[in-house]
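A quick write-up on the structure given underneath.
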Amino acid sequence: MYEIGRKIATFRKERKMSQTDLANALGITKQTIIKYEAEKNSIPIDTLSHIANIFNIPIESFFSDNNEYINQIQENTNFRKIPIISKVSAGLGTFGIDDILDWLKLPVNIAKKADFATLIDGDSMEPKIEDGSLVLVRQNSILDNGDIGIFYLNEEVFCKKFSQDPFTNIITLKSLNKDYKPVTIKENDDFRVIGKVVGAFDYNI
């Protein structure tokens, strides 16, 4: 049992932050913080990542019961771990603790740019991103034209290149593999941006 809520409260008090202070920093209500700390609400991974950044600790600190180990991690600032999230869970747009498949250790200058990593299924972004690649994702609802992102569309998840017409605001998701046709987002589509891809490489869990 990780008792993540209790650890949030402990780290918060060590930094002399009130529940209101933390809620304001996260842009959520104090009541939500109270429920997190009381283990009454599941904490999304992106929120936990944000909390870790506020406390200036690695996110894996919440998953260890060994305080000495946590302190050692904090002292070693050269590397940091980010969670690898399953593709199916990523499709929901909200990531819970149970969705973590593994942890990825990266140099801190790379890890700080990403909130999580996820595996790519399919060859639509080849040759740049191959089938089975692991991509680093920074959660961000605002993308520029040409950015590669992870998108939720009608209960499916896609890794595509983002394009938005500046005049009509119509969004098109494009593949790098020419065998795949562009996908145009329609008004009644259930669509949202999960995040921006900030890196990709081969990884074997």
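Read the figures in this text as sums done on the coordinates, not as results from a lab. Given the structure is predicted, the values throughout are model-derived calculations rather than measurements. Positions of Cβ are backbone-derived with ideal geometry, glycine not excepted, and every protein chain shown enters the neighbour counts.
Under a 5 Å amide H cut-off, with hydrogens placed 1.01 Å from N, Gly199 pairs with Leu136 among residues at least 5 apart or on other chains. The calculated FRET efficiency for the pair Ile100 and Asn177, based on their C-beta separation and a Förster distance of 35 Å, comes to about 0.75. Placing a label point 7 Å from the Cα of Lys13 along the Cα-to-Cβ direction, the residues of region 38-64 with a backbone N closer than 13 Å are 38.
Pulled fully out, how much extra length does the chain show between Arg6 and Ser86, if you take 0.36 nm times their separation in residues and subtract their Cα-Cα distance?
Roughly 26.2 nm would be gained on extension.
Work out the FRET efficiency for Asp121 and Asn41 from their Cβ-Cβ distance, taking R0 = 30 Å, and round it to the nearest 0.05. Don't skip to the answer; put the middle values down first.
Details: r = 30 Å, r/R0 = 1.00.
After rounding, the FRET efficiency stands at 0.50.
Can you spot the lysines whose alpha carbon is less than 29 Å from Lys178's alpha carbon? Ignore those fewer than 8 places along the same chain. Within reach: Lys87, Lys128, Lys160, Lys161, Lys186, Lys196.
In this simple spin-label model, placing a label point 7 Å from the Cα along the Cα-to-Cβ direction at both Gln164 and Asp147 gives a separation of 0.9 nm. When every alpha-carbon pair in region 138-205 is counted, what percent end up more than 16 Å apart? So the pairs more than 16 Å apart make up 48 percent of the total in region 138-205.
Calculated from the alpha-carbon coordinates, region 4-65 shows an Rg and a Dmax of 10.3, 28 Å respectively. May I ask you to list the lysines whose Cα is less than 26 Å away from that of Lys30, ignoring any residue fewer than eight positions away on the same chain? Of all the lysines, those that pass the test against Lys30 - Cα under 26 Å, at least 8 places apart if same chain - are Lys7, Lys13, Lys16, Lys40.
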